[in-house]
Amino acid sequence: MMTLDELKAAVGSPAPPAGVPATILALWHDACGDWDAAHRVAQEIEGRDGAWIHAYLHRKEGDLGNAGYWYRRAGRAPASGSLDDEWTAIAAALLT
């Protein structure tokens, strides 16, 4: 598995890091500015991790009602900090 620093360094690369799970792939697409690709990947991720990423993406989109639904599915309180901080928190949690 990669580290948070390695994931951040891969942002902007022409291709995603090889062999990463869908959760990290979704975050990579988002960090590279491709919300649609991140959302497509997130829609296929089962469980609380996928729901958390989905919530973050809808919060970023500005759809707070939909984000709230996904935060509840993730078992998490809606985030209130910056989007960058939330992205980092999700990535750090998933990479440990």
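The values are calculated or read from the model by the stated rules, or taken from the named source; none is laboratory data. Quantities reported herein were computed from a predicted structural model and do not represent experimental measurements. Virtual Cβ from ideal backbone geometry, glycine too; neighbours counted across all protein chains shown.
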**Study point:** Unique match (being in contact (Cβ under 8 Å) with a residue 24 or more places away in the chain, within 13 Å of the chain's Cα centre (by Cα), closer than 28 Å to ARG72 by Cβ and not in a loop (DSSP other than H, G, I, E, B)) among ALA38, ALA42, ALA26
**Key:** ALA26
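May I ask you to verify whether LEU57 is assigned to a helix (DSSP H, G or I), touching a residue at least 40 places away in the same chain (Cβ under 8 Å), of a type in the set (A, V, I, L, M, F, W, C) and touching a helix residue (DSSP H, G or I) at 6+ places or on another chain (Cβ under 9 Å)? Give the derivation first.
Values: assigned to a helix (DSSP H, G or I): yes; touching a residue at least 40 places away in the same chain (Cβ under 8 Å): no; of a type in the set (A, V, I, L, M, F, W, C): yes; touching a helix residue (DSSP H, G or I) at 6+ places or on another chain (Cβ under 9 Å): yes.
Taking the combined requirement at face value, the residue does not satisfy it.
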**Study point:** Any chance ARG48 is in contact with a Gly (Cβ under 8 Å, 6 or more places away or on another chain), modelled with pLDDT of 95 or more and basic (Lys, Arg)
**Key:** yes
Review point. Is there any pair linking a residue in the stretch 75-96 that is loosely packed, with under 12 Cβ neighbours inside 10 Å to one that is outside any loop (DSSP other than H, G, I, E, B), with Cβ under 7 Å and at least six apart or on different chains, and which?
Key: GLY75/ARG48; ALA77/TYR71
Practice item. Report yes if ARG72 is modelled with pLDDT of 95 or more and not in a helix (DSSP H, G or I), otherwise no. Key: no
Review point. Would you say VAL20 is in contact with a Leu (Cβ under 9 Å, 6 or more places away or on another chain) and outside any helix (DSSP H, G or I)?
Key: yes
